[in-house]
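What follows draws every value from the coordinates through simple rules; no lab data is involved. Note that the coordinates shown come from a computational prediction; the quantities given were computed from them, not determined experimentally. So basically every Cβ, Gly included, is an ideal-geometry build from the backbone, and we count neighbours across all protein chains shown.
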Amino acid sequence: MALDVLIVDDSAAIRKILHRVLAQTDIALGDVLEAGDGVEALAVLEKRKIGLVLSDINMPNMDGLQFLTSVRARPEWNNVPVIMITTEGSQEKVMDAVQRGAQGYVRKPFTAEQIKEKISSCLGAQ
Amino acid sequence: MSNVQVPITPEEIAAIIGTTTENVFATMLGLEVQAGPVDAQSKLTQEDGKVVCLVSFTGQWNGSGSISCSALLACTISGKLLMSEYEAVNDEVLDAMGEMANMIIGNFKDEAAAALGALSLGTPTVIYGNNFQTRNWNGQSWIAVPFCCEGERFEVKICLVPSQDKAGR
């Protein structure tokens with residue numbers, strides 16, 4: 001079954017790069033949807049069944065960590081894998097994201113291989 | 001206003017700028033860049049036909065990081081980042097350059113945290129135009145590191161001052 005993916009990042013450049021990386025993976029990809037912040041991302045989740053979320057942390061309106069907390073608070077979204085992709089590299093931020101329920105954490109700058117491996121390991125662990 | 005002593009030397013800041021910039025260029029663009037000699041007294045900078053990206057710091061230290069380059073190099077960098085071709089600066093180029101600044105200054109922030117404590121970053125501001133000047137609010141010096149990339153020069157600069165909370169202690 002095709003997997004719909006949601007990319008959450010306020011940078012159109014990063015959304016475009018991740019779009020390209022997703023197309024290079026061997027997962028059965030459905031629609032790739034985009035959101036510019038956590039508020040927009042929650043609106044997408046309300047409307048669509050999403051199989052994987054790739055989210056930045058530093059964003060306007062609602063940041064990635066608040067977004068993650070909101071996702072995990074909803075039982076129907078509790079099992080959706082969320083991978084954080086961010087410039088925030090401190091151990092505190094990584095631990096915070098993991099404690100809030102992130103399945104993966106990739107620091108920018110990243111290679112396409114790093115993203116593909118993280119997606120593979122997250123989806124494989126389900 | 002006199003310059004404030006920062007708990008790491010300009011050379012240490014320049015070294016962090018060098019490694020983080022080289023890493024971002026190599027990882028995201030597959031490009032090697034080489035740092036030139038640091039200028040620790042950079043103040044007023046005349047910008048002409050340049051793309052300038054600014055990212056603010058908040059926390060125990062305030063200030064900003066900046067990257068600046070010619071329109072031509074901005075188009076080259078954005079083209080490699082997004083695997084497209086750009087002949088002129090447009091919204092995609094400005095967004096790509098903002099993200100490059102976000103990654104370089106964001107990685108600098110984490111590497112400098114051991115000396116400076118936790119810092120937060122603002123959203124990048126990207127400016128493109130002719131005949132404008134950039135300076136810091138209180139005349140504080142930038143620590144500027146020039147780089148050479150694809151035959152063009154670009155510059156990464158950092159300015160740090162203690163926050164009011166820290167200065168008031």
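Under the definition of Cα pairs under 8 Å and six or more residues apart, what whole-number percent is the relative contact order of the stretch A:3-103? Before the final figure, lay out the partial values.
Numbers: 157 pairs, mean separation 28.0, N = 101.
Reported relative contact order: 28 percent.
Taking the Cα centroid of the stretch A:9-87 and of the stretch B:79-144, what is the distance between the two, rounded to the nearest whole Å?
After rounding, the separation between the Cα centres reads 24 Å.
Using θ = phi - 60° and the Karplus curve 6.51 cos²θ - 1.76 cosθ + 1.60, what whole-Hz ³J(HN,Hα) does each residue of the stretch A:84-94 get, with Gly and Pro shown as x?
Each residue of the stretch A:84-94 in turn: 8, 10, 8, 6, 5, x, 6, 4, 4, 5, 4 Hz.
Roughly how crowded by other chains is peptide B:98-110, in terms of the mean Cβ count from those chains within 10 Å of each of its Cβ atoms? Numbers along the way, then the final one.
On the way: counts 4, 10, 2, 0, 9, 8, 3, 1, 8, 6, 1, 4, 7.
Mean number of neighbouring Cβ atoms from other chains: 5.
Taking Cα pairs under 8 Å and at least six residues apart, what relative contact order does chain B come out at, in percent? All intermediate terms of the calculation are to be shown ahead of the outcome.
Numbers: 326 pairs, mean separation 62.7, N = 169.
Rounded, it is 37 percent for chain B.
I'd like to verify something in chain B: which complete DSSP H helices, judged by Cα projection on the helix axis, reach 20 Å or more and average at least -0.5 on the Kyte-Doolittle scale?
Helices meeting the criterion: B:10-24, B:91-116.
Of B:Ser68, B:Met97, B:Gly79, whose Cα points farthest to the positive end of the dipole of the stretch B:1-112 (charges on the beta-carbon: +1 Lys, Arg; -1 Asp, Glu; origin at the Cα centre)?
Ranked along the dipole, the leading option is B:Ser68.
Once you place label points 7 Å from the Cα toward the Cβ at A:Glu117 and B:Ala113, how far apart are they in nm?
2.2
Can you find, among B:Val126, B:Trp137, B:Thr45, the residue farthest towards the positive end of the dipole of chain B? Put +1 on the C-beta of Lys and Arg, -1 on that of Asp and Glu.
It is B:Trp137, whose Cα lies furthest towards the positive end.
Divide, for the stretch A:6-126, the radius of gyration over alpha carbons by 2.2 N^0.38 Å, where N is the residue count.
Output field value: 0.95.
About its Cα centre, what dipole magnitude does the protein assembly as shown give when the only charges are +1 on Lys and Arg Cβ and -1 on Asp and Glu Cβ, stated in debye to the nearest 20? Intermediate results must be reported in sequence, preceding the final value.
Numbers: 23 positive and 36 negative charges, 126 e Å.
Once rounded to the nearest 20, the dipole reads 600 debye.
Expressed in nm², what is the orientationally averaged projection area of the convex hull enclosing the Cα positions of the stretch B:1-116?
About 7.9 nm², averaged over all directions.
How would you rank B:Trp61, B:Trp142, B:Trp137, going from fewest to most other Cβ atoms within 10 Å of each one's own Cβ?
Lowest to highest Cβ neighbour count: B:Trp137, B:Trp61, B:Trp142.
Once every DSSP H run of n ≥ 4 in chain B is given -39500 (n - 2.57) and the sum is divided by its residues, what mean residue ellipticity at 222 nm do you get, rounded to the nearest 500 deg cm²/dmol?
Computed mean residue ellipticity for chain B: -11000 deg cm²/dmol.
So, with +1 on the Cβ of K and R and -1 on the Cβ of D and E, and no other charges, what is the size of the charge dipole of the stretch B:1-119 about its Cα centre, to the nearest 20 debye?
320
At q = 0.07, 0.11 Å⁻¹, work out log10 I(q)/I(0) for the protein assembly as shown with the Debye formula, treating every Cα as an identical point scatterer and leaving solvent out; two decimals please.
Taken in order of the listed q values, log10 I(q)/I(0) reads -0.27, -0.67.
Around B:Glu152, with a cut-off of 15 angstrom between Cβ atoms, what is the net charge of the other residues, counting Lys and Arg +1 and Asp and Glu -1?
Value of the local net charge: -2.
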